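Okay, so here's the structure we're looking at.
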Ligand code: TEU
Ligand code: CA
């Protein structure tokens, strides 16, 4: 068999033009610790809770766990605002709990990557506490301070027109020194000044701290934003701020330096969250000859259903065209990521499938089939393997997310947008859909917490959608996902094989080939409630896996078929 255990793998081996790497063969499972499993009844998920579920994850068959931030934080943005990079968030447990979790992951032959949030810190981080004290504080230059501009009436205006991703200006005036600091996200998330070599040294040190503990790499939060044009020109009307933020003058110098000084010393993987990086520019960050990152998340697929912040109808040909564009742009020296859900997006089956009672299971199976058979490292989000759905939030009070609350205050309370329109759209796009607690069983609060009140509501559909039930049912999404993971693990063609879309314009059928040498797999996915006819040549293949009928000329509603041609 071609696939051998990652640790015994010869990295110089080339398969179909690709260098073999464990990270290309792995399937990653994202854990949002706050919502995965509570162990002490306080209603907040924690590290011992995750440790208690490691057998579940091992049995599912995923290779790498990605832990969303577990660091000390005042939780303005659920841990994406770090107060101390070398401490575990109090609600999540202790450093001993972290070490136990990591040991449990390793002893089961899995790996774990952690979130590196280094574009910004919390305003409660010791560096910022110092930095804001005075203009000549030794930490002043750790952050981006600028004097204001004079307005027409002599008032002070922000240094430029950058907006915060969480509403309002990206600059906040600090009265103590009379200067503004930059925060591309919340006011409690000041941006670090990467042009300061001391800042870069600090970040490299804290990366080594976690790598030396044995973590297997990092998911890097908004990493392309680290380099800024120090002159901070205004965004012009025809420009996109996110594109400007992601293409600063020294981005590649810093990524290269980070690779040289830290990453290259470890057998680790990196995946950059890369809003603002186009498909065509992706190789500049991930081409392996450049020694920067291993892969990035490009958001064109997961956000195909958006127009700015608003939900919009998407079509299958649009989505398929993105996958083909990615495949062509990345070539053999770069590697893609395949994902359609994470902690910032609605649930997989609600956003891309059909979460009606009739088609939820079939369409959830279809989506995991696609994620696990396209070319690139697949990322599953917790609950995808159960077909967990969006929550039916009714009022702004039910939401927790700072993005939603700030936009409510900024847009609705000021009359810029009607409450009805805002809430209607939020119900489709909210980040909180992904953050409702994991549904384990039919006990109160879905087995997420033994306490009375989880930090965010449990979806009431847990009585029907939960892990215990799925494990007991051989036809469940869970078991189907397990079979797919097995198939992928044993099928090099599904990892390294060439990708070809065989019906790019078909409105309902995604039909593609993965070919490695003589071996050719065909994957047929029906993204609709209508029956779709399969081309004759396809129907003649040997059935390998399906979520329904295996050997007819037709694909039923939301049907899948993997065939060996
Ligand atoms: O996300 C970056 C980012 O740009 C998104 O927050 C985006 O603005 C949002 O999804 C729009 O709906 C990363 C993290 O994934 C996110 O959870 C953090 O809030 C953010 O960075 C700040 O650290
Ligand atoms: Ca807890």
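The values are calculated or read from the model by the stated rules, or taken from the named source; none is laboratory data. All figures in this text were calculated on a predicted structure; none of them were measured in a lab. Neighbour counts are summed over all protein chains in view; Cβ atoms, including those assigned to glycine, are modelled from backbone coordinates with ideal geometry.
All conditions in (1) within 16 Å of ligand 1 (Cβ to nearest atom); (2) over 20 Å from residue 458 (Cβ atoms) hold for residue 401, with the sole exception of (2).
I'd like to know if segment 9-23 contains one or more residues that are at pLDDT below 95, in contact with a helix residue (DSSP H, G or I) (Cβ under 8 Å, 6 or more places away or on another chain) and away from ligand 2 (no atom under 16 Å from the Cβ). Yes, there is a match, as at least one residue in segment 9-23 is at pLDDT below 95, in contact with a helix residue (DSSP H, G or I) (Cβ under 8 Å, 6 or more places away or on another chain) and away from ligand 2 (no atom under 16 Å from the Cβ).
Being assigned to a helix (DSSP H, G or I), within 16 Å of ligand 2 (Cβ to nearest atom), closer than 23 Å to residue 220 by Cβ and under 21 Å from the mean Cα position of the chain (by Cα) is a condition met by no residue of segment 59-80. The one condition from (1) away from ligand 1 (no atom under 16 Å from the Cβ); (2) crowded, with 19+ Cβ neighbours inside 10 Å; (3) assigned to a loop (DSSP other than H, G, I, E, B) that residue 280 does not meet is (2).
Which one is farthest from ligand 1 (Cβ to nearest atom), of the residues in segment 73-94 that are closer than 20 Å to residue 435 by Cβ and in contact with a strand residue (DSSP E or B) (Cβ under 6 Å, 6 or more places away or on another chain)? Once the filter is applied, the top-ranked residue is 89.
Residue-wise test of (1) crowded, with 21+ Cβ neighbours inside 10 Å; (2) out of contact with any helix residue (DSSP H, G or I) (no Cβ under 7 Å at 6 or more places or on another chain); (3) at positive phi.
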| site | (1), (2), (3) |
| --- | --- |
| 71 | yes, yes, no |
| 80 | yes, yes, no |
| 92 | yes, no, no |
| 98 | yes, no, no |
| 116 | yes, no, no |
| 136 | no, yes, no |
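Here segment 379-408 is the region considered, the condition is being in contact (Cβ under 8 Å) with a residue 40 or more places away in the chain and assigned to a helix (DSSP H, G or I), and the residue that is nearest to the chain's Cα centre (by Cα) is 384.
Taken over segment 107-132, the criterion of being away from ligand 1 (no atom under 16 Å from the Cβ), part of a loop (DSSP other than H, G, I, E, B) and closer than 30 Å to residue 160 by Cβ is satisfied by 132 alone. Output yes when any residue across segment 415-437 is in contact (Cβ under 8 Å) with a residue 60 or more places away in the chain, more than 16 Å from ligand 1 (Cβ to nearest atom) and farther than 30 Å from residue 330 by Cα, and no when none is. Within segment 415-437, one or more residues are in contact (Cβ under 8 Å) with a residue 60 or more places away in the chain, more than 16 Å from ligand 1 (Cβ to nearest atom) and farther than 30 Å from residue 330 by Cα.
Summed over segment 15-64, the residues that are away from ligand 1 (no atom under 16 Å from the Cβ) and within 21 Å of residue 470 (Cα to Cα) give a count of 19.
Candidates are the residues of segment 418-440 that are in a loop (DSSP other than H, G, I, E, B) and crowded, with 17+ Cβ neighbours inside 10 Å; the one that is farthest from ligand 2 (Cβ to nearest atom) is 430. Of all residue pairs spaced 6 or more apart or on separate chains, those with beta-carbon atoms under 8 Å, a first member in segment 269-284 that is under 21 Å from residue 211 (Cβ atoms) and a second member that is within 12 Å of ligand 1 (Cβ to nearest atom) and assigned to a loop (DSSP other than H, G, I, E, B) are 273/221; 273/222. Within segment 148-164, residues that are at pLDDT below 95 sit with their Cβ atoms under 9 Å from residues that are surrounded by 15 or more Cβ atoms within 10 Å (Cβ to Cβ) and in a loop (DSSP other than H, G, I, E, B), at 6+ positions apart or across chains, in these pairs: 155/148; 156/148. For residue 45, the criteria (1) more than 15 Å from ligand 2 (Cβ to nearest atom); (2) buried (at least 23 other Cβ atoms within 10 Å of the Cβ); (3) part of a loop (DSSP other than H, G, I, E, B) hold in every case but one, which is (1). Pairs are defined by a Cβ separation below 8 Å, a sequence spacing of at least 6 or placement on different chains, a first member in segment 105-119 that is over 15 Å from residue 87 (Cα atoms), and a second member that is outside any strand (DSSP E or B) and within 16 Å of ligand 2 (Cβ to nearest atom); the pairs so defined are 112/101. Only one of (1) outside any loop (DSSP other than H, G, I, E, B); (2) over 24 Å from residue 234 (Cα atoms); (3) more than 16 Å from ligand 2 (Cβ to nearest atom) fails for residue 135. Which number is that? Unmet condition: (1). Filtering segment 88-106 for residues that are assigned to a loop (DSSP other than H, G, I, E, B), within 27 Å of residue 26 (Cα to Cα) and away from ligand 2 (no atom under 15 Å from the Cβ) leaves an empty set. Among the numbered conditions (1) within 26 Å of the chain's Cα centre (by Cα); (2) within 23 Å of residue 19 (Cα to Cα), the only one that residue 462 does not meet is (2).
Residues are listed down the side, and each one gets a yes or a no for (1) under 27 Å from residue 33 (Cβ atoms); (2) under 21 Å from the mean Cα position of the chain (by Cα):
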site	(1), (2)
234	no, no
237	no, no
289	no, no
311	no, yes
316	no, no
323	no, yes
327	no, yes
332	no, no
348	yes, yes
